[in-house]
There are 2 protein chains.
Amino acid sequence: MIEVIFLGTSASIPTRERGLPCIVLRRKGELLMFDCGEGAQRNFLQAKLGVNRPMRIFISHLHGDHVLGLPGLLSSMSLLGRRRAVFIYGPKGLRSLLNTTLSLIRSNINYEIHVMEVTSGIVCETEEYVVKAEWGVHSVPNLMYRIEERERPGKFHPERALELGVPRGPLWGQLQRGKEVTLEDGRIIRPEDVMDAPRPGLKVVYTGDTGPCEEIASLSEGADLLIHEATYSDNMRERALVEGHSTAKLAAVTAHEAHVRRLVLTHISARYSQNDWILEKEAREVFPATIMARDFLKLRIEYPAKL
Amino acid sequence: MIEVIFLGTSASIPTRERGLPCIVLRRKGELLMFDCGEGAQRNFLQAKLGVNRPMRIFISHLHGDHVLGLPGLLSSMSLLGRRRAVFIYGPKGLRSLLNTTLSLIRSNINYEIHVMEVTSGIVCETEEYVVKAEWGVHSVPNLMYRIEERERPGKFHPERALELGVPRGPLWGQLQRGKEVTLEDGRIIRPEDVMDAPRPGLKVVYTGDTGPCEEIASLSEGADLLIHEATYSDNMRERALVEGHSTAKLAAVTAHEAHVRRLVLTHISARYSQNDWILEKEAREVFPATIMARDFLKLRIEYPAKL
């Protein structure tokens, strides 16, 4: 299960209702943050996500509304007792921005900060998941990110193993780790004889700021959740495309083409602060499983029910 | 009349109730902002103070909680149509911080920004007021600021002028501008013959972050409003002094010694988010005219009633 917590869902300028972009994925106690706009620390603390969790931060691009919350968040976590390292990924320029700011404000940060300036491709791999980045289409270089959990082994059936004469013990472990075993009588038992097929992991995509492009659809193919920017309504499509932004409808078209399970619209222009339902409506006409993000919205992404 | 609007009243870390330091004085349509912590733009916009007003910003020191809101505020005002120049004053390092940040986030600011790195002394003079800075006592160089309106001429009494035989006309103007005039019969009429004594202007002091010191008292002597940091309650006095901070009680002692009209406590540690009345109470025991600042609190500072 992955939980998604929206801490900021506005575009460019914060409104009364929406803070600047910041989204956190919580997964087995680890926090994966996507973008960190000004004010993120305030909502982060209010959401009580924990200041000393294992944490990675992925920055889509260096526009102020997506990155100016970083120095404050990093400083405050230190003041509040963080001692674990933080890993930060983003486009070139991020290290210089962070180093200059943190040194000029004489921030004393009591934990390690590892900044990785990355480009498209795999940017982070752990035993449990892989994060891949792909360039979007924006006025400055913008990375879209996909976190994909590794395949999990299928369910192990002890009764089948016993039936086949595999004795309880180390051989069971080998089968569960995906290895064939040879019994004393020479028979070979394969993992699939005693286990269900591997279960795919969850897949979540975050676009940052981008106009529509091939790369989103391929990055998002079959995703459990696509978190897509929807700065404007489709009647402002021309302006959106010029600026390297999407409309709610275009986001929905991509979600449809990429066969995702759910679409969340975020990065909503302040002009819709009184009527953001317009965006939700136009997207749902194309892709019904659309949700409008709001600050502090929490979504649970579960594994799909088995067929 | 000067109006004071508190946009952020927390210390170090924002809480649910309090944003990071930012205070605005509104005077005849001009905005004078003191400090600009992260998140200031959100409260600034919400308070509807206007993005295109004449504006000066005074930064007390370069700790993140007092300055990290500047790039975002400056960028958003530009996006929202500001075209008037902004004048920014603060300690050495401010220009580099702003330049680096604004260039790395590729901010396109459509108005002039004049950054003045200043030290103690007069930092800004207009026809209407003078702003003086003085160093406080903090872990990094911290400027305390006083805005003092220029003396306004006393009330002119036309009936007295006529009685003394000063004909209506240019001579009246000379007297009102403080000059003696000589009548045709040789008599000399002085301004004080036809006008009340000059009326002093209003005086407001903002301390930024500082421990108690002589300089506050002298800067604040007779001030109409002293906006003083009160990070801690007096039972944490030792820690406050080590860190270069004040307690509510120490702020009140200074207010008393400096004969100010009113004291406002701000820069309140997050530890008092449930019981900041403690600070107000301990200050009022020493200096009854004490007010606890809160986000969006507005105060009007009027000219004192004439005796």
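The values are calculated or read from the model by the stated rules, or taken from the named source; none is laboratory data. Small disclaimer: the values here were computed from a predicted structure and weren't measured. Every residue, glycine among them, receives a Cβ derived from its backbone with ideal geometry; neighbour counts consider all protein chains shown. Just the protein is used for accessible areas: all its heavy atoms, side chains included, with ligands, DNA and RNA removed. Shrake-Rupley method; radii C 1.70, N 1.55, O 1.52, S 1.80 Å.
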- Per the filter on segment A:235-244, residues touching a strand residue (DSSP E or B) at 6+ places or on another chain (Cβ under 6 Å) and open to solvent by 10 Å² or more (accessible area, probe 1.4 Å) are A:237
- Query: Does residue B:276 satisfy the criteria of being in contact with a Gly (Cβ under 7 Å, 6 or more places away or on another chain) and either outside the structural domain of residue B:28 (by TED's automatic domain parsing) or of a type outside the set (Gly, Ala, Ser) (or both)?
  - Reply: no
- Output the number of residues of segment A:1-14 satisfying the condition of being within 16 Å of residue A:276 (Cβ to Cβ), open to solvent by 10 Å² or more (accessible area, probe 1.4 Å) and either among the β-branched types (Val, Ile, Thr) or more than 10 Å from chain B (Cβ to nearest Cβ) (or both). 1
- For residue B:81, state whether it is small (Gly, Ala, Ser), in a loop (DSSP other than H, G, I, E, B) and assigned by TED's automatic domain parsing to the domain that holds residue B:118. yes
- Task: Please specify each residue of segment A:131-143 satisfying the condition of being open to solvent by 30 Å² or more (accessible area, probe 1.4 Å) and outside any loop (DSSP other than H, G, I, E, B).
- Result: A:132, A:134, A:135
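Residues checked against (1) within 12 Å of chain B (Cβ to nearest Cβ); (2) out of contact with any strand residue (DSSP E or B) (no Cβ under 9 Å at 6 or more places or on another chain); (3) open to solvent by less than 30 Å² (accessible area, probe 1.4 Å); (4) not hydrophobic (A, V, I, L, M, F, W, C):
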{"position": "A:89", "(1), (2), (3), (4)": "no, no, yes, yes"}
{"position": "A:110", "(1), (2), (3), (4)": "no, yes, no, yes"}
{"position": "A:122", "(1), (2), (3), (4)": "no, no, no, no"}
{"position": "A:129", "(1), (2), (3), (4)": "no, no, yes, yes"}
- Item | Condition check for residue A:74: open to solvent by 10 Å² or more (accessible area, probe 1.4 Å), closer than 30 Å to residue A:1 by Cβ, within 14 Å of chain B (Cβ to nearest Cβ) and modelled with pLDDT of 95 or more | no
- Item | Any chance residue A:167 is farther than 18 Å from residue A:25 by Cβ and either in contact with an Asp or Glu (Cβ under 7 Å, 6 or more places away or on another chain) or open to solvent by less than 20 Å² (accessible area, probe 1.4 Å) (or both) | no
- Restricting attention to segment A:1-56, which residues are touching a helix residue (DSSP H, G or I) at 6+ places or on another chain (Cβ under 7 Å) and closer than 25 Å to residue A:148 by Cα? A:7, A:8, A:21, A:22, A:35, A:36, A:37, A:40, A:44, A:51
- Query: Does residue A:218 satisfy the criteria of being surrounded by 15 or more Cβ atoms within 10 Å (Cβ to Cβ), at pLDDT 95 or above and polar (S, T, N, Q)?
  - Reply: no
- Item | Verdict on residue A:225 being under 20 Å from the mean Cα position of the chain (by Cα) and within 15 Å of residue A:290 (Cα to Cα) | yes
- Message: Here is a list: B:121, B:178, B:136, B:186. Which entry is under 32 Å from the mean Cα position of the chain (by Cα) and not assigned by TED's automatic domain parsing to the domain that holds residue B:78?
- Response: B:178
- Does any residue of segment B:92-104 turn out to be modelled with pLDDT under 95 and buried (at least 22 other Cβ atoms within 10 Å of the Cβ)? yes
- Residue hits (segment A:288-307; assigned to a strand (DSSP E or B), among the basic types (Lys, Arg) and surrounded by 10 or more Cβ atoms within 10 Å (Cβ to Cβ)) are A:298
- Task: Please indicate, with yes or no, whether at least one residue in segment B:221-234 is surrounded by fewer than 17 Cβ atoms within 10 Å (Cβ to Cβ) and part of a helix (DSSP H, G or I).
- Result: no
- Message: With the structure loaded, tell me whether residue B:49 is assigned by TED's automatic domain parsing to the domain that holds residue B:106 and part of a loop (DSSP other than H, G, I, E, B) or whether it fails that test.
- Response: yes
- Restricting segment A:15-45 to residues that are open to solvent by 10 Å² or more (accessible area, probe 1.4 Å) and without any contact (Cβ under 8 Å) to a residue 40 or more places away in the chain, the one farthest from residue B:39 (Cα to Cα) turns out to be A:29
- Mind checking which residues of segment B:279-295 are touching a helix residue (DSSP H, G or I) at 6+ places or on another chain (Cβ under 7 Å) and under 20 Å from residue B:14 (Cβ atoms)? B:279, B:292, B:295
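A quick yes/no check of all residues on (1) β-branched (Val, Ile, Thr); (2) touching a Lys or Arg at 6+ places or on another chain (Cβ under 7 Å); (3) part of a strand (DSSP E or B); (4) within 26 Å of residue A:245 (Cα to Cα):
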residue: A:110; (1), (2), (3), (4): no, yes, no, no
residue: A:115; (1), (2), (3), (4): yes, yes, yes, no
residue: A:168; (1), (2), (3), (4): no, no, no, no
residue: A:172; (1), (2), (3), (4): no, no, no, no
residue: A:178; (1), (2), (3), (4): no, no, no, no
- Query: Hey, any hits in segment B:182-190 for a residue that's over 30 Å from residue B:137 (Cα atoms) and either touching a residue at least 60 places away in the same chain (Cβ under 8 Å) or acidic (Asp, Glu) (or both)?
  - Reply: yes
- Task: Identify, from the list B:146, B:190, B:84, B:150, the residue that is more than 14 Å from chain A (Cβ to nearest Cβ), open to solvent by 80 Å² or more (accessible area, probe 1.4 Å) and closer than 19 Å to residue B:24 by Cβ.
- Result: B:84
- Task: Look at residue A:60 and say whether it is buried (at least 24 other Cβ atoms within 10 Å of the Cβ), in contact (Cβ under 8 Å) with a residue 60 or more places away in the chain and in contact with a His (Cβ under 9 Å, 6 or more places away or on another chain).
- Result: yes
- Task: Tell me, please, whether a residue that is within 11 Å of chain A (Cβ to nearest Cβ), more than 22 Å from residue A:66 (Cα to Cα), modelled with pLDDT of 95 or more and not in a loop (DSSP other than H, G, I, E, B) can be found in segment B:25-36.
- Result: no
- Within segment A:247-257, is there a residue that is at pLDDT 95 or above and open to solvent by 90 Å² or more (accessible area, probe 1.4 Å)? yes
